[in-house]
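Encoded as structure tokens, the structure appears first; notes follow it.
The values are calculated or read from the model by the stated rules, or taken from the named source; none is laboratory data. In this text, all values refer to a predicted model and were calculated from it rather than measured experimentally. Positions of Cβ are backbone-derived with ideal geometry, glycine not excepted, and every protein chain shown enters the neighbour counts.
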Amino acid sequence: MDPIILASGSPRRQDFFRLMGLPFTCIPAMIDETPPAGLSPLQAAEELARRKALAVAERSPSSPWIFAADTMVVLENEIFGKPADRDDARRMLERLAGRRHEVITAMALYNGRQKTVDSRSKTSEVAFAPLTGAEIEWYLDSGEWEGAAGAYRLQGLGACLIEAVNGSPSGVAGLPLYDFYAMLKDSGYLYPHGA
């Protein structure tokens, strides 16, 4: 299998790549992740994923494959990015508690041989449980909110806060595996059993 550059420092995405047995190296894109103005949350996530892939492609022009992703938590068309600090994380959790929101994970796969980018996204609905102030503080004390869109992680203690997921649980965690697998196959990446 060809090596893939993962344009991300996300430990979760690295875990997913290891789970799939993909040969990869990490080169974080290091771009401004502010959502572009004038775009819907879905369009903004797809644009950021594409920008990440292309930014790494400029620095690694000989790489055959570069993969980037961007995950956004969206409530009533407001994007909840990574919290700036504990107070910001508390504000996000208070807003999400007892409500349903969307999680969009956009993906961009750069084919270095053809100089093309395949962009896709998966939207899932997450139902948050009602939370008391004490429960929010308990979760904040875990530190798990740091660096997490929407201030929670489904694949950790954050699962205690989630009543239901309609869509892709792995997508909420940062990489919709079914859609990613289909993307690899459709793009001609020679993944075992995908030919």
task: Mind listing whichever residues of the range 106-129 are more than 30 Å from Lys185 (Cα to Cα) and surrounded by fewer than 19 Cβ atoms within 10 Å (Cβ to Cβ)?
output: Ala127, Ala129
- request: From (1) in contact with a Gly (Cβ under 7 Å, 6 or more places away or on another chain); (2) of a type outside the set (Ser, Thr, Tyr); (3) surrounded by fewer than 19 Cβ atoms within 10 Å (Cβ to Cβ); (4) assigned to a strand (DSSP E or B), pick out the condition that doesn't hold for Val165.
  value: (1)
- prompt: Residues of the range 130-154 being under 20 Å from Gly174 (Cα atoms) and surrounded by fewer than 18 Cβ atoms within 10 Å (Cβ to Cβ), which ones?
  reply: Ser142, Gly143, Glu144, Glu146, Gly147
message: Just checking, does the range 16-38 include any residue being surrounded by 19 or more Cβ atoms within 10 Å (Cβ to Cβ), under 23 Å from Glu125 (Cβ atoms) and modelled with pLDDT of 95 or more?
response: yes
query: Any residue in the range 82-92 that is at pLDDT below 95, within 21 Å of Ala164 (Cα to Cα), under 18 Å from the mean Cα position of the chain (by Cα) and in a loop (DSSP other than H, G, I, E, B)?
result: no
query: What pairs can you find where one residue is in the range 25-45 and among the β-branched types (Val, Ile, Thr), the other is in a loop (DSSP other than H, G, I, E, B) and exposed (fewer than 13 other Cβ atoms within 10 Å of the Cβ), and their Cβ atoms are less than 8 Å apart, with a gap of 6+ or different chains?
result: Thr25/Pro3
